[in-house]
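Presented below is the structure to which this report refers.
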Amino acid sequence: MKAAVLASGRGSNLQSLIDEWQGGSLPVELVGVGSDNINAQALVRAAKAGIPARAFLRENYSDKESHELDILNWLEELGVELLILAGYMRVLSPSFIRQAEYPVVNIHPSLLPAFPGLHAQKQALEYGVKVAGCTVHFVDEGMDTGPIILQQTVPVFDEDNVDTLSERILKVEHEIYPEAIRLIVFGKVKREGRKVTIYRHS
Ligand code: GRF
């Protein structure tokens, strides 16, 4: 299955996918990495791994529609069958999601539907939750609202700050994102409306 990744920044989730792919445990072909940020570390990581990387800078387009159209065309040229968002900081428009003829997945650093949007770990700490975590979900037309594929919890300790909690969550992000993608590629994920069923043993 041909997969592409969109990422805006550090790219540690991209790196975990690259590592598993190169280690033979992620049965996809990573055919492209796109970014809206020319300085994204994700682009460097892609280049190092020999994956075609391309920047789509928002300032080079007159509007969101033409920006997204260029990305959609690039994904089509690549023959993408799965689009993986890994810290992509722009919300894809409903029109993008409708036009994408392949699943689009995302990872979010909270236990959705709690704390969608930016600074999820800070939101969780400020709310005072005792358990936090991350979510892999299909992307729909809303913001972090799509059907949930996998979630993993981590404890929140009294002495936590945003950095310590983010680090603990990120560690499990790097485990569940490749796992979710494996399950999708192996046809173990069935989506019916909001409900996603995982068939691990069939
Ligand atoms: C991660 O916390 C991810 O859950 C969120 O953005 C962050 C990206 O981190 N969507 P990285 O660029 O993968 O290191």
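Summary of values
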item	result
Any hit, the stretch 139-158, residues being surrounded by 14 or more Cβ atoms within 10 Å (Cβ to Cβ) and free of Cβ contacts under 8 Å to residues at least 24 places away in the same chain	yes
Among the residues listed as 117, 133, the single one being buried (at least 16 other Cβ atoms within 10 Å of the Cβ), at positive phi, within 13 Å of the ligand (Cβ to nearest atom) and not aromatic (Phe, Trp, Tyr)	133
All positions within the stretch 159-196 that are within 17 Å of residue 105 (Cα to Cα) and exposed (fewer than 11 other Cβ atoms within 10 Å of the Cβ)	187, 190, 192, 193, 195
Count of residues meeting criterion [touching a Lys or Arg at 6+ places or on another chain (Cβ under 8 Å), under 27 Å from residue 184 (Cα atoms) and of a type outside the set (A, V, I, L, M, F, W, C)] in the stretch 24-83	10
Options 114, 132; residue that is of a type in the set (A, V, I, L, M) and touching a strand residue (DSSP E or B) at 6+ places or on another chain (Cβ under 7 Å)	132
Qualifying helices (runs of 4 or more DSSP H) (wholly inside the stretch 1-109; at least 1 residues being more than 13 Å from the ligand (Cβ to nearest atom) and in contact (Cβ under 8 Å) with a residue 24 or more places away in the chain)	12-22, 64-78, 94-99
Qualifying residue in the stretch 72-80 (condition: touching a strand residue (DSSP E or B) at 6+ places or on another chain (Cβ under 8 Å), among the acidic types (Asp, Glu) and not assigned by TED's automatic domain parsing to the domain that holds residue 187)	no
Among the candidates 171, 122, 190, residue that is outside the structural domain of residue 3 (by TED's automatic domain parsing), more than 15 Å from the chain's Cα centre (by Cα), within 16 Å of the ligand (Cβ to nearest atom) and among the basic types (Lys, Arg)	122
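The values are calculated or read from the model by the stated rules, or taken from the named source; none is laboratory data. Model, not experiment: these values are computed from the prediction. Virtual Cβ from ideal backbone geometry, glycine too; neighbours counted across all protein chains shown.
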